[in-house]
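The values are calculated or read from the model by the stated rules, or taken from the named source; none is laboratory data. Since the model is a prediction, treat every value here as computed from it, not as a measurement. Using ideal geometry, Cβ is built from the backbone for each residue, glycine included, and neighbour counts are taken over all protein chains shown. Note: areas computed on protein heavy atoms with side chains; ligands, DNA, RNA excluded. Shrake-Rupley method; radii C 1.70, N 1.55, O 1.52, S 1.80 Å.
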Amino acid sequence: MAKWILTGARDRDVLEAIEKTWPQADPMALVQEAIGGFALSATLSRDAVRGFCFEATRDLYRRMTEIGDFAGALRALKQLADLAA
């Protein structure tokens, strides 16, 4: 459900999707739980966020080299260097 919110779905669309997917659940309670998860994410330390960015960039670099996107891979390397600085 958080994915629906993160992709920019309108409130009503999210509530309708919840009602279809989990008909026995309280849609507003599930939305509040997702929002609470976002709030928890905001409390991550700088090191945790930086580490996530580092690992995500490494994965993007790997994928880009696999598909032959060498310009994208070079940008990923630059971002890794910037993160390391």
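Things to note:
- Ile35 - accessible surface, heavy atoms, 1.4 Å probe, Å² rounded to 10: 80
- GNM result for the chain, Cα springs below 10 Å: residue of Ala34, Ala42, Ala71 fluctuating most strongly: Ala71
- Among the protein heavy atoms of the chain, carbon and sulfur supply 61% of the accessible surface, probe 1.4 Å, non-protein parts ignored.
- Remark: the chain carries a charge dipole of roughly 360 debye about the Cα centre, counting +1 on each Lys and Arg Cβ and -1 on each Asp and Glu Cβ.
- Solvent-accessible area per residue in the chain equals 78 Å², computed with a 1.4 angstrom probe and all protein chains kept.
- Values of log10 I(q)/I(0), in the order q = 0.13, 0.15, 0.19 Å⁻¹, for the chain under a Debye, Cα-only, solvent-free model: -0.65, -0.75, -0.84
- Derived scalar couplings between HN and Hα for region 46-53 equal 4, 5, 5, 5, 5, x, 4, 4 Hz in order, rounded to whole Hz, by the Karplus curve 6.51 cos²θ - 1.76 cosθ + 1.60 (θ = phi - 60°), x for Gly and Pro.
- Just checking the listed ones, Thr65, Thr57, Thr43: in the Gaussian network model of the chain with Cα springs under 10 Å, the one fluctuating most is Thr65.
- Approximating the spin labels as points 7 Å out from Cα along Cα→Cβ, the Ser41-to-Ala81 distance works out to 3.0 nm.
- By definition, a body whose alpha carbon gyration tensor gives a ≥ b ≥ c is oblate when a/c is 1.5 or more and a/b is not larger than b/c, and region 1-43 fits this oblate description.
- Considering only Ser41, Ala25, Phe52, the residue lying farthest towards the positive end of the dipole of the chain is Phe52, judged by Cα position with unit charges set on Cβ.
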